[in-house]
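Engineer: First the structure, which I've put down as structure tokens, then a few questions once you've had a look.
The values are calculated or read from the model by the stated rules, or taken from the named source; none is laboratory data. These figures come from a predicted structure and were not determined experimentally. All Cβ positions, glycine included, derive from the backbone under ideal geometry; neighbour counts span all protein chains shown. Please note that ligands, DNA and RNA were not included when accessible areas were found on the heavy atoms of the full protein model with its side chains. Shrake-Rupley method; radii C 1.70, N 1.55, O 1.52, S 1.80 Å.
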Amino acid sequence: MTTALASDASVTASCFHCGELLLYEHGFEIEFEGETHANCCAGCQAVANTIIGQGLGAYYRQREQPASRAAPLPKALREQMALYDEATLQGHYVQTRGETCETTLLLEDVRCSACVWLAEQTLRRVPGVQAVSVNYSSQRAHVSWYGGQASLSGLLAALRKVGYGAQPFDAGQQETLYRRERMLALLRMLVAGLSMMQVMMYAWPAYFANRVELPVDQDTLLRWACLILTVPAATFCAWPFYKGAWRDLRAHRAGMDVPISLGILGAFLPSVWTTLRGGGSVYFDSVSMFVFLLLVGRFLEQAARRRATEGVDRLATLLPRFAHFLPGWPVQETRETPVARLAVGDRVLVKPGETIPVDGRIVAGSSEVNEALLSGESAPQAKGEGDEVIGGSVNVGQALVVRATEVGESTQVAGIVRLIDRALAEKPKLAELAERYAQGFVLAVLICAAATAAWWLHHDATRALAITVAVLVISCPCALALATPVALTAATGALARRNFLVARGHALSTLARVTHVMFDKTGTLTVGQPRVIAETVLANPLEASTLVRSLESQSEHVLAHALLAHVGDGPVHAITQLHNERGQGLQGTVQGTTYRIGKAAFVAELVGSPCPDENLVWLGCAGQWLTGYGIADSLRSDAVATVERLQHAGIRVLIASGDYAAAVQPIAQALQVDEARGDLRPGDKLAWLKSLQDAGAVVWMVGDGVNDAPVLAGATLSAAMGQGADVARQTADIVLLGEHLAPLAEGHALALRTRRVVIENLAWSVVYNLAAFPLAACGFVTPLLAGIGMASSSLLVVLNALRLARKVD
């Protein structure tokens, strides 16, 4: 046979990689060891370049026959993937931030941490990809890339080439995929179960070999019956394990499916050979039961992962698929339209009992809307013309006409789901460490199995096969790989049901180490709806009201809303040179005169004289104090109980507020907080936080406003109120939905439980493997018992993690 490296004329007519005849004398050329070689197609050229580029060129010198031809993706599949690059579909699946694009992909056939690694590495090697993270429990990949250098179809094609089906995440598609996988898993499990029962029935004489002697012809008949009945279990039922093992080996990596596949084939193939020869021991009963137990374990694991993520998936399916579109409003003639096709400004009819499909504003009708799944408020909220409604909430009263203000990926529900997906995609250090150890452990298992086989072949060759198979099976570190991700996913889903959204992967592990909680006051500890309770007038009240209305209408601060509600509607002045001094107040010019409104010290800088009362919000200009306003807010209903519970857990509670010190102290006294500071600018809050961190504290900052964003970003852990400013939510590691603080204490309690469960899972995994391997290597464990032990250990880890999905204490 001619080698691929020969350079004579007879060989140049064949492909360098696969050996097929070339249709063209020159084309698809590569350089290797100083010589130019031709390939038959772009696929073979790409594969050859990849092998050589990774320093594996020795393959072409050592191989005994040409490789298989690199088959390109089918044309139909490539055309389907290309559709995802169209602008209309990109808007539904891809989020764009400047030059960076982000998406979440739903993966198929991800079965272990090796699959996670291979999928991540494959995507990272696509030119233009910035970051990739795959979550094993939710079967999703979060990918970001430079829009001009990569494409969504390119990502999907890259995964398909290494054996993973993928599609942009869609809750409906995920449900369909889950049902399809579940039915196939049930079918494989049923076939394996029937095979196991029949094979064990025919193998019964082997269990009583000392008491039952069968004629040779009957023994041979039973062996052949066992062989025929084991074939479906060892082929169709075990196919997912072979597929995963082959994918790992192609990536030059040993995953969890490799020792499992070796164990199955290592028992099945010798048994087939022994049956053909007509003598010796067979292990058909062990093979069929091993496959059955593995499939049962995988099925239960799949169901457990499904349960762990159902809280998140429920949010993803809140929005309906179709809406009653009103194309000719105010003509009330509707047209059924997919929600994906709605645009900002479109009007939709929402009938009683239906789910609102978009974020919008009511333009006709009044009703009550249930926002329980989004805000935690169980009582329906009264809504009328002009009020805002949230997509995913349910209209429980009369029909409404809603004008869309946010659609698709811009709705609040979509934003919440993105936050959770990002958190699930980011791996804590503990999870990454466990994955690395599991990867190395598989190689150790293979080496130990080879050493065990060599020892027994030398001392007792008749037992070598059974013992080696037992070692391969019982030592597979599946439980170690599952220990951390399943626990984190279960905890994240449980907290999502309690309106505590984990937005960063490190949040739960950091939350368990928190020593201090620093609260903002207004809008966090208080309801964020302050009202004016006193007014000190030192100038024309009508003119002062007009100035307040003109200045504060430019602000979104909660105090601005309180002042505007107090002065009411009326005329306004044109404002120029408007400046917002964060945490202090506003400054603007009206008809050539500069005014300030805000804290006394801020306004005093302009007035130039001492303030009459430093506990009021003041309006003033150069040389004159105009009007002071006394503003008060009330505590949230569960603030006292939440602070008390955090303190009982050993956490030191602090209050850092930009409000007057005189307004902060009564709040601190009501909450029994020893250390509370007022009159703090954002820089002052950050400096206090940094001083605590420098002393070794793990500080959890909880805030809601724009002025809290720098402190939230600087804190070890941060939480933002869901109704707070957008920048606060985007900066925070945790987002609280609804009006309650209780999820903060519940989240801390669950974080401690999660840490304990992860430690328990890891400890069990290590102890199990350390104890099981010596027993199997010494011949005390049969292949059948090894299968039971391996499946049971993985299932125990999953069930232990699912305790976190119960109701939070």
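Engineer: Is it the case that P774 is modelled with pLDDT of 80 or more and within 22 Å of the chain's Cα centre (by Cα)?
Structural biologist: Numbers: modelled with pLDDT of 80 or more: yes; within 22 Å of the chain's Cα centre (by Cα): no.
Considered against the rule, which asks whether it is modelled with pLDDT of 80 or more and within 22 Å of the chain's Cα centre (by Cα), P774 comes out as no.
Engineer: Being at pLDDT 85 or above and either over 12 Å from G365 (Cβ atoms) or open to solvent by 10 Å² or more (accessible area, probe 1.4 Å) (or both) is the filter here, so list the residues in segment 395-405 that pass it. Give the steps one after another, and end with the answer.
Structural biologist: Restricting attention to segment 395-405, the residues satisfying the condition of being at pLDDT 85 or above are 395, 399-405.
A399, R403, A404, T405 - these are the residues of segment 395-405 that are at pLDDT 85 or above and either over 12 Å from G365 (Cβ atoms) or open to solvent by 10 Å² or more (accessible area, probe 1.4 Å) (or both).
Engineer: Touching a Cys at 6+ places or on another chain (Cβ under 9 Å) and within 25 Å of Y660 (Cβ to Cβ): is that true of L564 in this structure? Lay out the reasoning, then the answer.
Structural biologist: Details: touching a Cys at 6+ places or on another chain (Cβ under 9 Å): no; within 25 Å of Y660 (Cβ to Cβ): yes.
Judged against the criteria, L564 is not a match.
A quick yes/no check of all residues on (1) among the β-branched types (V, I, T); (2) in contact with a helix residue (DSSP H, G or I) (Cβ under 8 Å, 6 or more places away or on another chain); (3) at pLDDT 85 or above; (4) over 18 Å from A715 (Cα atoms):
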position: V502; (1), (2), (3), (4): yes, yes, no, no
position: G505; (1), (2), (3), (4): no, yes, no, no
position: A512; (1), (2), (3), (4): no, yes, yes, no
position: T515; (1), (2), (3), (4): yes, no, yes, no
position: D520; (1), (2), (3), (4): no, yes, yes, no
position: N540; (1), (2), (3), (4): no, no, no, yes
position: S545; (1), (2), (3), (4): no, yes, yes, yes
position: V548; (1), (2), (3), (4): yes, yes, yes, yes
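Engineer: May I pose another question? Could you grab me the full set of residues in segment 741-755 that are closer than 14 Å to R497 by Cβ and touching an Asp or Glu at 6+ places or on another chain (Cβ under 6 Å)? Outline the logic, then answer.
Structural biologist: Of all residues in segment 741-755, those closer than 14 Å to R497 by Cβ come to 742-743, 746-747, 750.
Passing the criteria: only A742.
Engineer: Identify the residue in segment 382-394 that is touching a residue at least 24 places away in the same chain (Cβ under 8 Å) and in a strand (DSSP E or B) and, among all such residues, is most open to solvent (accessible area, probe 1.4 Å). I'd like the intermediate steps shown before the answer.
Structural biologist: Filtering segment 382-394 down to residues touching a residue at least 24 places away in the same chain (Cβ under 8 Å) leaves 386-394.
Next cut, in a strand (DSSP E or B) only: 388-389, 394.
On the way: E388: 115, V389: 5, V394: 47 Å².
Step by step, filter segment 382-394, then rank; the result is E388.
Engineer: Which of the strands (runs of 3 or more DSSP E) found entirely inside segment 475-556 contain at least 1 residues meeting this: within 30 Å of P612 (Cα to Cα) and not small (G, A, S)?
Structural biologist: Values: elements: 500-502, 516-519, 531-537.
Fully inside segment 475-556 and qualifying: 516-519, 531-537.
Engineer: Also, quick follow-up: Mind listing whichever residues of segment 570-611 are at pLDDT below 85 and open to solvent by 50 Å² or more (accessible area, probe 1.4 Å)?
Structural biologist: N580, E581, R582
Engineer: Out of curiosity, is V471 open to solvent by less than 10 Å² (accessible area, probe 1.4 Å), part of a helix (DSSP H, G or I) and modelled with pLDDT under 80? Lay out the reasoning, then the answer.
Structural biologist: Working: open to solvent by less than 10 Å² (accessible area, probe 1.4 Å): yes; part of a helix (DSSP H, G or I): yes; modelled with pLDDT under 80: no.
In short, no.
Engineer: Kindly establish whether A503 is among the hydrophobic types (A, V, I, L, M, F, W, C) and free of Cβ contacts under 8 Å to residues at least 60 places away in the same chain. Before you say what the answer is, go through the steps one by one.
Structural biologist: Values: among the hydrophobic types (A, V, I, L, M, F, W, C): yes; free of Cβ contacts under 8 Å to residues at least 60 places away in the same chain: no.
No: the conditions fail for A503.
Engineer: In addition: Against the condition within 26 Å of A382 (Cα to Cα), modelled with pLDDT of 80 or more and either of a type in the set (K, R) or under 29 Å from the mean Cα position of the chain (by Cα) (or both), how does R347 come out, does it pass?
Structural biologist: On the way: within 26 Å of A382 (Cα to Cα): yes; modelled with pLDDT of 80 or more: yes; either of a type in the set (K, R) or under 29 Å from the mean Cα position of the chain (by Cα) (or both): yes.
Yes; evaluated as a whole, the condition is true for this residue.
Engineer: Looking at segment 529-545, is at least one residue more than 19 Å from Y595 (Cβ to Cβ), surrounded by fewer than 22 Cβ atoms within 10 Å (Cβ to Cβ) and under 32 Å from the mean Cα position of the chain (by Cα)?
Structural biologist: Kept after step one, since they are more than 19 Å from Y595 (Cβ to Cβ), are these residues of segment 529-545: 529-531, 533-534.
Applying the additional criterion that residues be surrounded by fewer than 22 Cβ atoms within 10 Å (Cβ to Cβ) yields 529, 531, 533-534.
Subsequent filtering for residues that are under 32 Å from the mean Cα position of the chain (by Cα) retains none.
No; the residues of segment 529-545 include none that is more than 19 Å from Y595 (Cβ to Cβ), surrounded by fewer than 22 Cβ atoms within 10 Å (Cβ to Cβ) and under 32 Å from the mean Cα position of the chain (by Cα).
Engineer: Any idea which of (1) in contact with a Gly (Cβ under 8 Å, 6 or more places away or on another chain); (2) modelled with pLDDT of 85 or more is the one V272 doesn't satisfy?
Structural biologist: Result: V272 fails condition (1) only.
Engineer: Restricting the search to segment 433-456, which residues are of a type in the set (D, E, K, R) and either at positive phi or modelled with pLDDT under 60 (or both)? Let's see the steps before the verdict.
Structural biologist: If we filter segment 433-456 for residues that are of a type in the set (D, E, K, R), which is where we start, we get 435-436.
E435 - this is the single residue of segment 433-456 that is of a type in the set (D, E, K, R) and either at positive phi or modelled with pLDDT under 60 (or both).
Engineer: For segment 369-383, does any single residue satisfy the condition of being modelled with pLDDT of 85 or more and farther than 24 Å from R321 by Cβ?
Structural biologist: Taking segment 369-383 first, the residues modelled with pLDDT of 85 or more are 369, 383.
Still in the running and farther than 24 Å from R321 by Cβ: none.
No, because not a single residue in segment 369-383 is modelled with pLDDT of 85 or more and farther than 24 Å from R321 by Cβ.
Engineer: Could you say which residue among L184, L177, L152, L123 is over 23 Å from A487 (Cβ atoms), open to solvent by less than 50 Å² (accessible area, probe 1.4 Å) and at pLDDT 85 or above? Even if it seems obvious, please write down each step before you answer.
Structural biologist: Working: L184 fails: open to solvent by less than 50 Å² (accessible area, probe 1.4 Å); L177 fails: at pLDDT 85 or above; L152 fails: at pLDDT 85 or above.
When all the criteria are applied, what remains is L123.
Engineer: Would you check which residues across segment 220-242 are open to solvent by 60 Å² or more (accessible area, probe 1.4 Å) and either within 37 Å of the chain's Cα centre (by Cα) or in contact (Cβ under 8 Å) with a residue 24 or more places away in the chain (or both) and list them?
Structural biologist: W224, T235, F236, W239
Engineer: Would you please name the residue that is modelled with the lowest pLDDT, looking only at residues in segment 701-710 that are touching a Ser or Thr at 6+ places or on another chain (Cβ under 8 Å) and either open to solvent by 20 Å² or more (accessible area, probe 1.4 Å) or not in a helix (DSSP H, G or I) (or both)?
Structural biologist: Once the filter is applied, the top-ranked residue is G705.
Engineer: Oh, and also: If a residue must be open to solvent by less than 60 Å² (accessible area, probe 1.4 Å) and closer than 28 Å to A749 by Cβ, how many such residues does segment 642-688 contain?
Structural biologist: Within segment 642-688, residues that are open to solvent by less than 60 Å² (accessible area, probe 1.4 Å) and closer than 28 Å to A749 by Cβ number 20.
Engineer: Ok, one more. For segment 552-570, does any single residue satisfy the condition of being more than 22 Å from R531 (Cβ to Cβ) and out of contact with any Pro (no Cβ under 7 Å at 6 or more places or on another chain)?
Structural biologist: For segment 552-570, residues more than 22 Å from R531 (Cβ to Cβ) and out of contact with any Pro (no Cβ under 7 Å at 6 or more places or on another chain): absent.
Engineer: Shifting gears a bit: Exactly one of (1) assigned to a helix (DSSP H, G or I); (2) modelled with pLDDT under 75 is unmet by L293. Its number?
Structural biologist: (2)
Engineer: Looking only at segment 711-740, count every residue that is in contact with a Lys or Arg (Cβ under 9 Å, 6 or more places away or on another chain), at pLDDT below 70 and under 19 Å from R681 (Cα atoms) and tell me the total.
Structural biologist: Looking only at that region, the number is 0.
Engineer: Another question, if that's okay. Identify, please: which residue in segment 243-259 is at pLDDT 80 or above and hydrophobic (A, V, I, L, M, F, W, C) and is, among those, least open to solvent (accessible area, probe 1.4 Å)?
Structural biologist: A245
Engineer: When both residues are 6+ apart or on different chains and their Cβ atoms are under 9 Å apart, which pairs have a first residue that lies in segment 512-535 and is touching a residue at least 40 places away in the same chain (Cβ under 8 Å) and closer than 14 Å to W700 by Cα, and a second that is of a type in the set (K, R) and assigned to a loop (DSSP other than H, G, I, E, B)?
Structural biologist: Between residues of segment 512-535 that are touching a residue at least 40 places away in the same chain (Cβ under 8 Å) and closer than 14 Å to W700 by Cα and residues that are of a type in the set (K, R) and assigned to a loop (DSSP other than H, G, I, E, B), the close pairs are T524/R636.
Engineer: Here is a list of conditions, (1) modelled with pLDDT of 90 or more; (2) closer than 18 Å to T526 by Cα, and S657 meets all of them except one; can you say which number that is?
Structural biologist: Failed condition: (1).
Engineer: Working only within segment 187-200, note down all residues that are at pLDDT below 85 and more than 12 Å from M289 (Cα to Cα).
Structural biologist: none
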